[in-house]
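Read-outs throughout are calculated quantities, based only on the coordinates presented, and are distinct from any laboratory measurement. The shown structure was predicted, so the numbers you read here are calculated from the model rather than taken from an experiment. Every residue, glycine among them, receives a Cβ derived from its backbone with ideal geometry; neighbour counts consider all protein chains shown.
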Amino acid sequence: MKKIRFLSAMLALLMAGGSLAACANEGDPTQTNGQTYWSGTEEESALKDNLPDDLFYDDDEITIISRYVEGWTSGEIAVEGLKSESVNDAVFERNKKVEERLGVKIISIEDSTSGADAVVNKVALAVKGGNKEYDVMAAPCYTTLPETLNGTFVNLRATEYLDFDKPWWTQGFNAAALHKDTQYALLGSMLLSMYRFGFVTVFNKDIFTDANQPFLYEYVENGSWTLDKQASLVPLLYKENGDGIRDDNGDIYGFVSSNETSIDAYWSACKLDIITTTPEGEYEFVLDMERLHGVTDKLLQLFYETNGGTRYFALKEADAEQKDIRRMFANGFAAMASLRMLELENSEMRSMEQEYGVVPIPKYDEAQDGYATLLHDQFTVVCIPVTVTDERLDEVTAVLEAMSSASYQIVKPAYYETTLRTTIAQDPQSADMMDIITDNVYIDPGIIYISSLGSFHHGLRDVVMSHTNNSVSLFKARVAACKKSLEKISRKLENVALIQSKP
């Protein structure tokens with residue numbers, strides 16, 4: 001376990017010399033994603049949060065415990081210092097700004113204990129014992145959400161300073177996690193895994209150029225980037241090495257992916273809902289079997305009916321198949337690949353000789369309204385334990401709001417530059433694509449409550465791996481159990497809300 005403490009006043013001189021973000025002429029207004037930014041001074045260039053200007057907590061310590069997995073969650077909450085690496089230094093600058101602004105000291109406890117539930121179990125045990133050691137927990141979504149059913153965490157909707165409508169909080173997650181007037185976990189720009197665990201499509205620009213095919217940006221922009229479009233491109237982009245054998249000895253595949261892990265992405269990309277929220281705020285099972293059958297048909301075509309142009313990898317321990325996909329693409333043997341964005345941070349991608357672009361996972365059909373991004377269920381969410389007393393709760397939520405708003409301004413641009421490898425000025429379309437990807441996270445409760453619903457959504461993996469569209473029969477056999485589990489989730493959430501509402 002590693003504890004990181006920031007001493008902002010001592011480090012202030014190290015950061016003198018300007019912000020990571022460049023500014024335009026002083027006082028010039030610009031429009032970005034519908035928000036007005038006034039460039040010039042650092043304060044003017046930021047999209048401001050609504051925290052009162054006079055908040056100051058006299059060097060009080062805020063302790064955040066988080067899961068540490070190198071390359072997955074490392075550097076989300078804190079880093080040890082500057083090291084001339086854009087994302088690392090952006091996180092450092094963010095925390096320094098928050099500390100100086102609110103008069104706090106951020107204490108980051110990174111727990112590297114094996115097991116995705118280790119941090120959640122540690123905090124749950126502390127809460128049961130009345131231990132007030134932790135102010136915030138940052139842990140994997142799929143292990144955290146089941147614990148919210150036990151009353152371990154505060155209803156964030158009843159707190160003072162969290163502004164859920166701001167762009168630094170992930171609206172797709174908010175919609176999924178909100179039950180009636182309660183929400184116990186939050187996702188936003190302060191968490192790098194919000195970007196890292198998003199599924200995307202990468203494409204090799206050189207291979208597309210050699211095949212006289214337009215870059216995928218064009219299809220995204222005109223709304224025709226669909227599963228059918230991708231499947232039609234795969235045979236056109238496949239190039240056999242001349243030995244007459246389709247294998248990994250120099251063949252260039254049209255598409256490389258996994259027919260297990262990567263299949264999860266299509267629940268969101270195709271807006272195939274499992275559970276939605278009624279106008280009364282209650283959860284409701286809504287899976288459309290006809291749409292499910294159609295999505296499955298298109299996936300079977302993409303993975304198995306492209307004249308051998310698709311190369312797919314089975315699930316490996318610790319998601320190692322993602323590395324296989326990345327390596328094949330980085331070495332120039334794939335025209336397109338589906339990956340989690342965290343793979344784009346790897347040195348193999350950053351040193352890739354050929355240029356690549358990033359676009360969303362394709363949508364179901366052209367009639368679908370917009371693109372959508374699924375975050376793999378290992379992404380981090382933040383919660384506040386119920387042991388945080390009322391007098392400290394405002395302070396803790398102010399810190400979370402400030403960290404996320406500062407991340408939106410500082411960490412997000414740095415992450416774009418790192419994953420895109422080239423400067424945004426050289427490829428502005430990639431920046432636009434990244435905005436589409438990160439601004440349209442789309443997750444329904446059927447995904448975030450995976451372990452409480454018997455891994456219901458993994459059924460789509462089973463269907464695709466079977467090479468046969470038996471989706472309707474397979475899912476019908478699982479629906480009753482899912483509905484019963486959903487009823488239990490709803491009852492537990494209502495019970496927690498009732499207990500916490502009592503004085």
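Here are the numbers for this structure:
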item	result
CD proxy at 222 nm, helix term only [per DSSP H run n ≥ 4: -39500 (n - 2.57); per residue of the chain; nearest 500]	-12000 deg cm²/dmol
Computed lengthening from Asp439 to Asn150, 0.36 nm per intervening residue step minus Cα-Cα distance	101.0 nm
Between helix 321-330 and the chain: long-axis angle, C-alpha atoms, 0 to 90°, nearest 10	70 degrees
Most to least packed among 367-374, 264-271 [average Cβ atoms within 10 Å]	264-271, 367-374
Two-site label geometry, Ser112 and Ser232: point separation in nm, points 7 Å out along Cα→Cβ	5.0 nm
Nearest-0.05 FRET efficiency for Lys128 and Asn470, computed from C-beta distance (R0 60 Å)	0.85
Distance in nm between pseudo-label sites at Asp324 and Met289 (7 Å out along the Cβ direction from Cα)	3.4 nm
Distance in nm between pseudo-label sites at Tyr304 and Ser501 (7 Å out along the Cβ direction from Cα)	5.0 nm
C-alpha long axis of helix 118-128 to longest principal axis of the chain, angle in °	30 degrees
Sparsely packed GluC sites (Glu not before Pro) within the stretch 157-221, loop by DSSP, other Cβ within 10 Å at most 16	Glu160
Long pairs among Lys83/Lys323; Lys205/Lys229; Lys180/Lys502; Lys229/Lys323; Lys48/Lys166; Lys363/Lys412, criterion Cα-Cα beyond 19 Å	Lys83/Lys323; Lys229/Lys323; Lys363/Lys412
Alpha carbon centroid spacing (whole Å) that separates the stretch 356-392 from the stretch 232-292	18 Å
Segment Asp181-Asn241, length gained on full extension (0.36 nm per residue, minus Cα span)	15.7 nm
Extension reserve of the Phe164-Ala314 stretch, reckoned as 0.36 nm per residue once the Cα distance is removed	50.2 nm
Förster-model FRET efficiency, 45 Å R0, Glu366 and Glu280, C-beta, rounded to 0.05	0.85
Cut-off 16 Å (backbone N to label point 7 Å along Cα→Cβ of Asn222), residues of the stretch 361-385	366-367
Between helix 86-102 and the chain: long-axis angle, C-alpha atoms, 0 to 90°, nearest 10	20 degrees
The chain: relative contact order as a whole-number percent, Cα under 8 Å and 6+ apart	23 percent
Estimated dipole of the stretch 354-503 in Debye, rounded to 20 [Cβ of Lys and Arg +1, of Asp and Glu -1, Cα centre]	1020 debye
Ranked by how many other beta carbons lie within 10 Å on average, peptides 242-248, 51-57 from highest	51-57, 242-248
